[in-house]
Amino acid sequence: MYLKITRLALICLSAFILPVAVMAQSAQKAVTISTPNITMVLNYDHQASITSLTVGGQKVISGADGVFTSVKTDGAMYSSLHLKVSPILIKTKNTVKLNAIHFGPITENWIFTISAQNIKWSIKRSTTRALKVDEAASPVFNFDSINTWEGAYQGYGGLAWFYLFNEKLCTYGVHTRSSDFWNSKNNTGLNITVDAPGKNVCMKYSRTDDDKLAYTIGISGREMQYKMDTGTNRRRFIRKSTDVWAPYTIPAGKSYQTIKLSYFDFNQKYGRGKLMGIDSTAVSAVLNTIARIGVIDSLHFGGNSWHTPYGPICLHEQYIGQLGLGINDPKYLKGYQSCLDYYRDHAIKPDGRVYPRWAYTNEDAMPGKFNQYGFYEAQWGILMDSNPDLVTNVAELYDMTGDNAWVKTHQLSCEKALDWILKRDSNNNGLVEMMTDNESEKRSSDWIDIIWASYENAFVNAKLYHALVKWAAVERQLNNNAKAGYYEDFAARLKTSFNKSTKDGGFWDEEKGCYVHWIDKDKTAHGTNMVTPVNFMAIAYGICDDDARRKIILDNIETQMQQEKLFFWPIAMTTYAPGEGNGWQFPFPNYENGDLFLSWGSIGVKAYAEYSPALALKYVKNVLSQYSKDGLAFQRYGRLKQDGLGDDILSGNSLAIVGLYQAIYGINPKYNRFYLNPHITPELAGTELNYTFRNERLVISLDSNKYSVDNKRFKVIAPKDFGFYATKTQLSYFDGNNANADLQITSAKPLTIEIKNWGSTKMEWTQISAPSSTPLTYIVHQLKPNSDYVYEIDRKLVKNIRSNVLGDIVISGQGSAAVELITISFKK
C-alpha cells in the first residue's frame, strides 16, 4: 500500500519527531523519501534511479531517467537504469539502503540518510578493474526543463546561467563541489554539495536535445581536464556537444562519496532587503547574474563571460574585486582569493611583468608571448595596466575580507608588480611611460586596446595612482612603513604631474576642459576628446581635487548626454583624431571610438555621487531599465541606435549597480570595519539593505541624514558617514572614515547607540538598551592625551575624568535607564 502524506502534515510531524523520514514502498518497487521541503521517489525495479524530485513544493524532476549513475568505457555504456537483477532494499527509521547495484564492471551501494534539514546520499562504489572512461555520471540529475532553474551558483561564487544556454547541447563544465540551483520566480532553491574524500569533483551543465537540464557530477583521482582545442584544452563552454571533459582513468578498487541535498529559500538566502525608489527586482537580478558571469571557473575570475567564444579574461581590469562588493557572497570572496593565488603563481613573470590576459585558446596572443597556463600578451600591444590592476584587486579584496594572513602572501608579488612599472618613469616626473613613444607605432597600451595610446598614458597612470594609494595602506598594515612611504611619495609626484596642463607636461587640456588620454614623447597631446574613463578615474580616485575642474568635466559630459539622449556614458564623448586608433574605428562613432561600454559604470557613478547624487542615480536607473529590455547580455551598446552589440558578454555591465551600492548607498567594507558613506537622494530614503560582512548579516538603514548599521546585537545610528565593527560583546564606532576606533563599548546585552555629535572637544551619543545591572565599559579614543574631560549622563555631571597618555578614557557603568544621553566634553 502506498502511503501518501501531505507536505503540511510533514511539517506538523517534524515539530514532534526529528529527524523526519517518510518512506513508503509500492508494488512496483519504489520508495518515497521525504523531508519537510524535499521529496524523492526511488525506483529499484531492475534499476536504481530517482524518478521524481520535488523541492519546496515544486516538481523539478519527473521521469524514468531522473537521477542515475553511469559510465561509458570501451565504447559501451553501463548505467544504474538498466540492471539484470533488482537491488536489495533495506529500510530503517531514517535511512534507506539500496545494495547490490551491479552494472558492467561496477557495483554500488546507495545509502540515503534523512534529517529535517537535508537528505544525504552516500554512494559506495567498487570497480573490478581499471577503466578508461569516456564519460561518467556520479550521478546525473535530469531536471524537467532548461527553465526549471534560472541558474546555479557555484561553490567558488561563479554562476552557470541557463539564460545563456540558448541552443540545444550547450555544455558548461567547472571544478566545484557545490551548486546552488535557484528560481527567483517561485523562491525555490536547491543546494547540492559533494564530499568525496581524497578525490577531485567537477560538475557540468548541459541543455539536452529535449530541452532538459542535465546536471552531471564527476569524481576523479586527478583534476579533470578539458577535451576541446588540442594543445590548449582550456575550453569550459562548448556547443553542439556534451563531452566537455577529456577521457580519464578510474582505478580498480573502492571509492566513496556523499551528495547532500538541501532546500533553501531564495529570497532569505540571496534577497537584498527593501530598496526604495528603484527597481529592486532588477537590482537583485543584475548583481545575482550579470556581475558573476566573468567567473569562468574556480581559479579564473575576470570580466568576460565563459560564454564568449574564446573565453578571455582581462587581468587589466581593476574592478573584479570590486564586483564582490555588489555580489556580496562570501563564496565569491573566498573563490577570488584562490584565483588571485593562482594568478600570483602563474601570471607574473620573473621580472614582475603581469600577463594581461588569459583565454581558452592562444588566438588573441602575440606570437610566442604566452605561457603553458594560458596567460599571454595581447596581439594589440603591451597592455601596461595589468600590473597596477592586479595590485588593486588584491588590496580591494583584502578590504572586503580583512584576511591579513592571506594578503601577506601577496606582499612580495604585489611589490614586484608595482616596482616593474614604476621603473618605467625614466624622466622622474612621476608618470610612467608605455612601451611605445608615439601613436604612429600603432600599438596599444591599455584596456582601450585598439586605440594607440603611447608614452605617458593618463589611463594607465590613473590606475597606477589608485593602486599605489591602496597598496601603501596595505604595506602599513603589514608593518612595512618604508615601502608604504615610497609608494605614497611616488603617488604624490604622479598626482602633481597628472594635474599639470598639457603645456607643462601634464594631462589637463585647458582648452578642451578635460584630461587627455596620452602624450607622445614629442609632447603632442592625444585623445583630447573627453575620454570618459580617464576623466571619471581622475575624479573618482582623488587625482582631480580641483572643484572647478570637476564641475567643468561633469557638467560638459551631462550637457552632451542630454543633447544625444544617451542612456549611458560613451567611452569617448567625441571622436579620436585620425591615426589615433585602428582604422576600422572610423568614422565616429564605432566601437572604442565612441560606443557605450557599461564596464565604466562604477567610476562614473562614483564621480557623480558626491557632486550630484541625482545624476548618478539617473544613470543607474537607466541601466536597470535597459536590463528589463534585453538582459544586458552584450559587450557594449552602439552610440547611434543604443542597441546591444558584441559577443563578449561582460560582467562589467553590472558595474553601475555596484556603483549604486558603493557610492550612493555608501557600502564600503574595510579591512577592520564596515564603512558607511551614503549619498542618497530623497526617493531612496527608507531603504533597508541586507548585507553580509565577515559572514554576518547586517541590516543597513538609509534615511535622509540618518543612517544605521545593525547586526541584531549592536546597532549604530548616525547623521553622517561612520564605521562599524562588532564582536559578540564589543561594539566599535569609527567617526567618519577614521581607520582607528573612536568609541568602543563592551556589553553582554544588546545595545543601540545614536551619535548626536562627535567633534574634537565634545562627543555625545544616546544609548538605548534594556535596564540592567550588567556592566558596560566605554573606551573613548583619539582624545587629547593627559587632559581633563567631563563625563555626563542626561546633562548631569557624573564625574571629571582625565585621559591617559594615549588619549583614551575608560568608563564603567551599568545602563540604568532604557535611554540615556552620554556626553564627554573637554574641560576648558
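The values are calculated or read from the model by the stated rules, or taken from the named source; none is laboratory data. Since the structure is predicted, the reported quantities are computational estimates derived from the model, not experimental observations. Ideal geometry is used to build each Cβ from the backbone, glycine not excepted, and the neighbour counts take in all protein chains shown. For accessibility, only protein heavy atoms count, side chains too; no ligands or nucleic acids. Shrake-Rupley method; radii C 1.70, N 1.55, O 1.52, S 1.80 Å.
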- Message: Exceeding 23 Å between C-alpha atoms, which entries from my cross-link table qualify? They are Lys670/Lys712; Lys334/Lys495; Lys565/Lys706; Lys274/Lys334; Lys762/Lys799; Lys185/Lys565.
- Response: Lys334/Lys495; Lys565/Lys706; Lys274/Lys334; Lys185/Lys565
- Query: Given just the C-alpha atoms of region 256-397, how large is their convex hull per residue in cubic angstrom?
  - Reply: 159 Å³
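Considering just Cα atoms, how many Å³ per residue does the convex hull of region 722-828 enclose?
Numbers: hull volume 9.9 nm³, N = 107.
With only Cα atoms used, region 722-828 gives 92 Å³ per residue.
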- Helix 330-346 vs. the chain, principal-axis angle (Cα, 0 to 90°, nearest 10): 80 degrees
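Given R₀ = 25 Å, what would the calculated FRET efficiency be for Lys784 paired with Lys756, taking r from the Cβ atoms and rounding to 0.05? Each step should come with its number before you reach the end.
On the way: r = 21 Å, r/R0 = 0.82.
For Lys784 and Lys756, the calculated efficiency is 0.75.
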- Query: At each listed q (0.16, 0.22 Å⁻¹), what is the log10 of I(q)/I(0) that the Debye formula gives for region 440-513 modelled as equal alpha-carbon point scatterers?
  - Reply: -0.69, -0.97
- When all C-alpha to C-alpha distances in region 271-316 are sorted into bins of 5 Å, what percent of pairs does each bin hold, rounded to whole numbers? 5, 21, 22, 16, 11, 12, 10, 3, 0
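Counting only heavy atoms of protein chains, what accessible area per residue, in Å², does the chain have with a probe of 1.4 Å?
On the way: 31040 Å² over 828 residues.
I get 37 Å² per residue for this part.
Would you please report the Å³ per residue occupied by the convex hull of the alpha carbon atoms in region 637-759? Please list the in-between numbers first.
On the way: hull volume 17.1 nm³, N = 123.
In region 637-759, the Cα convex hull volume per residue is 139 Å³.
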- At a 1.4 Å probe radius, carbon and sulfur cover how many percent of the accessible area of the chain? 51 percent
- Message: Run the simple label-point estimate for Gln379 and Lys269 please: 7 Å along Cα→C-beta, distance reported in nm.
- Response: 4.2 nm
- Using only Cα atoms, locate the centre of region 47-70 and the centre of region 768-828, then give the distance between them in Å, rounded to an integer. 64 Å
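Show me 656-664, 207-215 ranked by packing, highest mean number of other Cβ atoms within 10 Å first.
On the way: 656-664: 26.9, 207-215: 17.4.
With the highest mean Cβ count within 10 Å placed first, the list reads 656-664, 207-215.
What is the Rg over Rh value, at two decimals, for region 520-628, using alpha-carbon atoms and the Kirkwood definition of Rh?
Values: Rg = 14.4 Å, Rh = 14.7 Å.
Ratio of gyration radius to Kirkwood radius: 0.98.
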- Task: Working with all protein chains in place, sort Lys227, Lys521 by solvent-accessible area computed with a 1.4 Å probe, largest first.
- Result: Lys521, Lys227
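Just the Kirkwood number for region 178-333, please: inverse of mean 1/r across all distinct Cα pairs, in Å, one decimal. Please report the intermediate quantities before stating the final value.
On the way: mean 1/r = 0.0553 Å⁻¹.
Mean inverse Cα-Cα distance, inverted, gives 18.1 Å.
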- Based on the mean of other Cβ atoms within 10 Å per residue, sort peptides 720-730, 168-178 so the most packed one is first. 168-178, 720-730
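For a Förster distance of 45 Å, can you work out the FRET efficiency between the beta-carbons of Glu167 and Lys641, rounded to the nearest 0.05?
That gives a FRET efficiency of 0.95.
What is the ratio of the Cα radius of gyration of region 41-140 to 2.2 N^0.38 Å, with N the residue count, to two decimals? It would help to have the intermediate numbers written out before the result.
Values: Rg = 14.0 Å, N = 100, 2.2 N^0.38 = 12.7 Å.
Here the answer is 1.10, to two decimals.
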- What is the distance in Å between the Cα centres of region 625-669 and region 144-210? 24 Å
- PRE reach from Thr232 (point 7 Å along Cα→Cβ): which of region 150-173 fall under 11 Å by backbone N? none
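With N set to the number of residues, divide the alpha-carbon radius of gyration of region 775-818 by 2.2 N^0.38 Å and report two decimals.
Numbers: Rg = 11.1 Å, N = 44, 2.2 N^0.38 = 9.3 Å.
Normalised Rg, Cα atoms only: 1.20.
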- Message: If packing is taken as the average number of other Cβ atoms within 10 Å across a peptide's residues, how do 328-341, 355-368 rank, most packed first?
- Response: 328-341, 355-368
- Task: Tell me which residues come under 5 Å, amide H to amide H, from Gly581 once H is placed; ignore anything under 5 positions away on its chain.
- Result: Trp452
- Note on the structure: Quick calc: nm separation of the 7 Å Cα→Cβ label points for Ser812 and Lys728 -> 2.2 nm
- Query: Which angle from 0 to 90°, rounded to the nearest 10, does the C-alpha axis of helix 547-564 make with the longest principal axis of the chain?
  - Reply: 50 degrees
- Message: Under the rule of at least 5 residues apart or a separate chain, name every residue whose amide H is placed under 5 Å from the amide H of Gly294.
- Response: Ser651
- Item | Entry for volume of the Cα convex hull per residue in Å³ (calculated from the structure that is shown) out of (i) 245; (ii) 275; (iii) 182 | (iii)
- Compactness of region 449-585 - radius of gyration and Dmax, Cα, Å: 16.2, 52
- Item | In region 436-544, GluC sites (Glu not before Pro) in a DSSP loop with at most 13 other beta-carbon atoms within 10 Å | Glu510, Glu511
- Task: Quickly estimate the mean residue ellipticity at 222 nm for the chain, helices only: each DSSP H run with n ≥ 4 gives -39500 (n - 2.57), and the total goes over all residues, rounded to 500.
- Result: -6500 deg cm²/dmol
- Item | Label point 7 Å beyond Cα of Glu510 along Cβ direction - residues of region 525-543 with amide nitrogen under 18 Å | 525-526, 528
- Message: Calculate the FRET efficiency for Thr409 and Thr774 from the Cβ-Cβ distance with a Förster distance of 45 Å, rounded to the nearest 0.05.
- Response: 0.60
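Could you state, as a whole-number percent, how many of the C-alpha pairs of region 226-311 are farther apart than 18 Å?
On the way: 2445 of 3655 pairs.
Of the Cα pairs, 67 percent sit more than 18 Å apart.
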- Message: How tilted is helix 386-401 with respect to the longest principal axis of the chain? Cα atoms for both, answer in degrees (0 to 90, nearest 10).
- Response: 70 degrees
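Taking a quarter of the surface of the convex hull around the Cα atoms of region 101-248, what do you get in nm²? Present the calculation step by step, with values, prior to reporting the outcome.
Numbers: hull surface 40.4 nm².
With every direction weighted equally, the projected area is 10.1 nm².
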- Query: What list of ³J(HN,Hα) values in whole Hz, one per residue of region 237-252 in order, does the Karplus curve 6.51 cos²θ - 1.76 cosθ + 1.60 (θ = phi - 60°) give from phi, with Gly and Pro shown as x?
  - Reply: 10, 10, 10, 6, 6, 10, 8, 6, 8, 6, x, 8, 10, 9, x, 5
- Residues of region 540-581 with backbone N under 15 Å of the label point set 7 Å from the Cα of Ser625 along Cα→Cβ are 561-569
